[in-house]
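Novice: Pasting in a structure now, in structure tokens, and then I'll have a few things to ask.
The values are calculated or read from the model by the stated rules, or taken from the named source; none is laboratory data. Because the structure is predicted, anything quoted here is derived from the model rather than measured. Here the Cβ is made from the backbone with ideal geometry for all residues, glycine too, and neighbour counts use every protein chain on show.
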Amino acid sequence: MSGRISQERDEEEEVKRRFFFFAERIQKLELEERGFVLEMRNIQQSERFSFLVRQREDLRAAKSSIQKAIIKLDNQAKEMFIEALDKVEKEFDYFFNLLFLGGEARIKREGDILNSDIHIIVHPPGKKLQDALLLSSGERALTAIALLFALFKVKPSPFCVLDEVDASLDESNINRFVDILKEFVQKTQFIIITHNKKTISIADIIYGVTMEEKGISKLVSVKMNEEEQDEQG
């Protein structure tokens, strides 16, 4: 009987031992699993952090590249603007002399090149150097025409509309205006709105509006040939 009890105790002790053994193993496995999960999270966070760092560096590099491109474009724009303005000023002075029979014309800029104000300074014959805004209406018209022709000389345009630009010019100025205009008609097509007979005389085609009956307008066109233009000129 005592031998049987001893055997049962041994079996009970073996069961307890195995129970605690497996319980300890399970606990270790749980700890190892938790460590593995934490390690994976750290790896993932580290990869995310590295990705964000790379993205930040890429943005900084892109920003630096864009800033360099802007500076380069600004410098090129300044060089092109100064070059174009110098050419326009030279031609402006030339056409001003033709229209005024002398004098001087300049284009003055102040401050930053790309954001500076542009001043037209002219010196008609017999007058002091002054801003174009202080001229008479006829002189301002001639000055504007000289500047317009200067721009066309530097950068020709295939098409141009002139609206009553000769309205305030006297006959002698009209003649000089027409003579210069003839130089540009080979490269530029002009549509001129005018009431001046001298200006009308150089047109290839004349369009007019007449009112044969009260309240009813009618468009009339006349095509001028070279012989008629020579006779009227």
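Novice: Return yes when LEU151 is at pLDDT 80 or above, surrounded by 11 or more Cβ atoms within 10 Å (Cβ to Cβ), under 30 Å from ASP74 (Cα atoms) and aliphatic (A, V, I, L, M) and no when it is not. Can you show your working first?
Specialist: Numbers: at pLDDT 80 or above: yes; surrounded by 11 or more Cβ atoms within 10 Å (Cβ to Cβ): yes; under 30 Å from ASP74 (Cα atoms): yes; aliphatic (A, V, I, L, M): yes.
Yes.
Novice: Do we find that ALA144 is at pLDDT 85 or above, of a type in the set (Gly, Ala, Ser) and within 33 Å of the chain's Cα centre (by Cα) in this structure?
Specialist: Details: at pLDDT 85 or above: yes; of a type in the set (Gly, Ala, Ser): yes; within 33 Å of the chain's Cα centre (by Cα): yes.
Criteria met by ALA144.
Novice: Among residues belonging to segment 154-168 that are more than 22 Å from the chain's Cα centre (by Cα) and assigned to a loop (DSSP other than H, G, I, E, B), point out the one that is farthest from GLU139 (Cα to Cα).
Specialist: GLU164
Novice: Could we say that ILE107 is touching a helix residue (DSSP H, G or I) at 6+ places or on another chain (Cβ under 8 Å) and over 29 Å from VAL165 (Cα atoms) here?
Specialist: No: the conditions fail for ILE107.
Novice: Within segment 111-141, restricting attention to residues that are loosely packed, with under 13 Cβ neighbours inside 10 Å and modelled with pLDDT of 80 or more, which residue is nearest to LYS78 (Cα to Cα)?
Specialist: It comes out as ILE118.
Novice: Taking GLU212 and the conditions (1) outside any strand (DSSP E or B); (2) among the charged types (D, E, K, R); (3) over 22 Å from LEU98 (Cβ atoms), which numbered condition does it fall short on, given that it satisfies the others?
Specialist: GLU212 satisfies all of (1) outside any strand (DSSP E or B); (2) among the charged types (D, E, K, R); (3) over 22 Å from LEU98 (Cβ atoms) except (1).
Novice: Say whether the condition of being in contact with a helix residue (DSSP H, G or I) (Cβ under 8 Å, 6 or more places away or on another chain) and touching a residue at least 60 places away in the same chain (Cβ under 8 Å) is met by at least one residue in segment 156-169.
Specialist: no
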